[in-house]
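Trainee: Got a structure here, written out as structure tokens. Questions coming.
None of the figures in this text is laboratory data; all of them are computed from the coordinates on show. For clarity, every value in this text was computed on a predicted model and none was experimentally measured. We place every Cβ from the backbone using ideal geometry, glycine too, and count neighbours over all the protein chains shown.
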Amino acid sequence: MNGPEYDVDRALRHQVEHLNDAPLTLDDIRGRATGIRRRRRIAAGVSAAAVVAIVAPLGFVLADRAPESLPPADRPSPTLLTPSPSPTTGETPSAPTTPVVYDIDTTPPAEGTTGAEIGLPYWFDGQVSLPAGETLTSKDRVYDVVRDPDTGHLLGFTFAQGEYQLEEFGPDGTVLSSAPATSNRIAVAPDGATYAYVTQVGGTWQLVEKGAHSGTWDLGATTPEQGTGATGLLSDGSVVFETRVGRPMLASPDGSTRRIPGTFLTVVGSSAVTDRIAAQTSYNNDGTSCWAVIDTAGKSVAETCDHALGEFSPDGRYVYGFPSDSDGLGPTSVSILDATTLEPVATFAMPNGGFLATPLAWRGDTLVANAWHDSTWYVEFLGVDGVLQLRSSFPGPNNFDPPPFEFGAGPLAGPTG
Amino acid sequence: MSDRTRDAEFSAYMAARQPALLRTAYLLSGDRATAEDLVQTALAKLYLSWDKVHTRDSVDGYVRRILVNENNSLWRRAWKRTEVTTELVPDHAVPDDYDDGRSAAVWELVKSLPRKQRAVVVLRYYEQLSEAEIAHTLGISTGTVKSQASRALAALRDRAPATLTPGEEER
């Protein structure tokens, strides 16, 4: 650096050397973000108005909730539950031939009624509840829960004081062991019999797979990036994982690992039935993003810039997606997409001002969602056939707070593993 | 990624980087209040995009680009009342006891540069970015970065030859 450059460098550093404070809080940022999003939506609304004028004769199909028989509640709720039909599970219904948009109903449910079973492991109000009726006390929010086939103990990811932990719970809920993790991401097979995660074992980071398929892959001593981990399983027991965002890898049963060819910003899930992987391909300056369903060679099967993809349904036929410009305050709609074409089969839209908490969970071919609107959290079942079911609602005056439920991947293997 | 996890990760990034972002924003804008406003907007836009700006290596670049664009946008909206670039050397430098006012004088000259040149200077000499990184941040070619940097230094030399001419003073 020569004389003038040195002078400039020194002058700039001298001017700001006293600025070492951090005056902004997360609430400051979220407040500004809310304003930015509002302005974006107003602008988008103006742009969309002309389009609506053209397509208005087609209209939207609005679904009514259709109360049917009432399955027993799996657990008493502290507030309100509503009669609702059983969520669609198991058999796959015929998909509608025309994509439709359903308004998500947030009518307060009748007091004293009970709702459908969630049918997934979930954390709520300091307790993990499992479909078979088991419960586990945990003050910390527990994300995915799986059962160790060797010990029968439950394993769950927690996040406290800024650190992810993989915790092993004893039968009475005691934490028997705890190991560092980089995320709460765990990959679970559709039948719950196999799962995989990334954790630290004896100073070395490992990708661990347990259950019907099993194996460990050493990832070295360097801590993987926060937020990365196992994202999916394939039919032969291979594991899709990331230890550095933007570098999707495949761990094979023969013990080898390889990078999935192609340029991907991240991978968010895979199907152990179809061996397809959901990946982000680009992020655009206008806030939108493009995504693709790819095969294990990185070849694109279907692409979309309309939706940001989530996880595949257990049978691999569907993948859920949010509007591609969904932001950190929560998407306002979710679509169930045909996983082979990425065309929407059904779209569910929140009322104005509402949003969905991410991620959503699959129960069969029904999505289970935390939805927020008008100072209330709702648990909603969103079916591929358009059936909407509202299970329960909870006061939620501050939408900055996390949703009441944390749904885990399921189902869970039985106590015997 | 769950909302809570996202917020925790974002908070960690914000805690680690906010002072540095504030300093860069101050050098771009020239005053504390505007700098805070720029950082708030930049972080808000980052927050909205957090799930998609996955490669953490690129987050700083993403935020820098927002800072520069927002600063230019603010300036375009309010240039008449906030600042006027000038070809004239300031009458006097702000005195300080750091180096007999030399740095303050240079800073006044930097503040008088056109916006784009000033952004190039800040990114080059304060952020220590390469020409390619500056080009990416500003959305311009590396050739333009070179020419803008060259013009900026030439302008600074022209306006204050006594302090910015190599070899005039011993270091």
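Trainee: Put a dot 7 Å past each Cα toward the Cβ at A:GLU163 and B:ARG115; how far apart are the dots in nm?
Mentor: Modelled inter-label distance: 4.6 nm.
Trainee: Using DSSP to call loops (not H, G, I, E or B), can you name the GluC sites (Glu not before Pro) in segment A:111-183 whose Cβ has at most 13 other Cβ atoms within 10 angstrom?
Mentor: Working: sites: A:GLU111, A:GLU117, A:GLU134, A:GLU163, A:GLU167, A:GLU168; in loops: A:GLU111, A:GLU117, A:GLU134.
Of the GluC sites (Glu not before Pro), the ones in loops of segment A:111-183 whose Cβ has at most 13 other Cβ atoms within 10 Å are A:GLU111.
Trainee: Arrange A:HIS18, B:HIS136 by Cβ neighbour counts within 10 Å, fewest through most, would you? Write out the running numbers ahead of the final one.
Mentor: Details: A:HIS18 9, B:HIS136 17.
Arranged by neighbour count, lowest to highest, A:HIS18, B:HIS136 become A:HIS18, B:HIS136.
Trainee: Just to be sure I understand the model, the point goes 7 Å from the Cα along the line to the Cβ. What's the resulting B:SER147 to B:SER11 distance in nm?
Mentor: The modelled label-to-label distance comes out at 4.8 nm.
Trainee: How would A:TYR195, B:TYR62 line up from fewest to most surrounding beta-carbon atoms within 10 angstrom? Present the calculation step by step, with values, prior to reporting the outcome.
Mentor: Numbers: A:TYR195 28, B:TYR62 18.
In order of increasing Cβ crowding within 10 Å: B:TYR62, A:TYR195.
Trainee: Something else now. Given a Förster distance of 35 angstrom, what is the FRET efficiency for B:ALA154 paired with A:ASP21, based on the Cβ-Cβ distance and rounded to 0.05? Before the final figure, lay out each step's value.
Mentor: On the way: r = 36 Å, r/R0 = 1.02.
Between B:ALA154 and A:ASP21 the formula returns 0.45.
Trainee: I would also like to ask the following. Are there trypsin sites (Lys or Arg not before Pro) in segment A:123-154 that DSSP puts in a loop and that have at most 15 other Cβ atoms within 10 Å, and which ones?
Mentor: Passing sites in segment A:123-154 are A:LYS139.
Trainee: In addition: A:ASP148 to A:ASP295: extension gain in nm, 0.36 nm per residue of separation minus the Cα-Cα distance?
Mentor: Working: separation 147, 0.36 × 147 = 52.92 nm, distance 2.96 nm.
Additional length available on full extension: 50.0 nm.
Trainee: Testing the spin-label approximation: label points 7 Å from Cα along Cα→Cβ at A:GLU303 and A:ALA212. State their distance in nm.
Mentor: So the label points at A:GLU303 and A:ALA212 sit 3.4 nm apart.
Trainee: By how many nm would the segment from A:THR257 to A:SER375 lengthen if fully extended, with 0.36 nm per residue of separation less the alpha-carbon distance?
Mentor: 37.8 nm
Trainee: Can you list which of the chymotrypsin sites (Phe, Trp or Tyr not before Pro) found in segment B:103-141 are DSSP loop residues with at most 14 other C-beta atoms within 10 Å? List each step's numbers first, then the result.
Mentor: Details: sites: B:TRP107, B:TYR125, B:TYR126; in loops: none.
Here no chymotrypsin sites (Phe, Trp or Tyr not before Pro) fit, given the DSSP loop and packing criteria.
Trainee: Let me ask you something else. Under Stokes-Einstein, with the Kirkwood radius over Cα pairs standing in for Rh, what whole-number D in µm²/s applies to segment A:239-331 at 10 °C and 1.306 mPa s? Could you put the intermediate results ahead of the total?
Mentor: Numbers: Rh = 13.5 Å.
It comes out at roughly 118 µm²/s.
Trainee: For a quick check: with amide H placed at 1.01 Å from N, whose amide H comes under 5 Å from A:PHE312's, ignoring anything fewer than 5 positions away on the same chain?
Mentor: Result for A:PHE312 returns A:SER270.
Trainee: Quick one: length gained pulling A:ASP125 to A:ASP103 fully straight, 0.36 nm per residue minus the C-alpha distance? Mind showing how you got there, number by number?
Mentor: On the way: separation 22, 0.36 × 22 = 7.92 nm, distance 2.83 nm.
Length difference between fully extended and current span is 5.1 nm.
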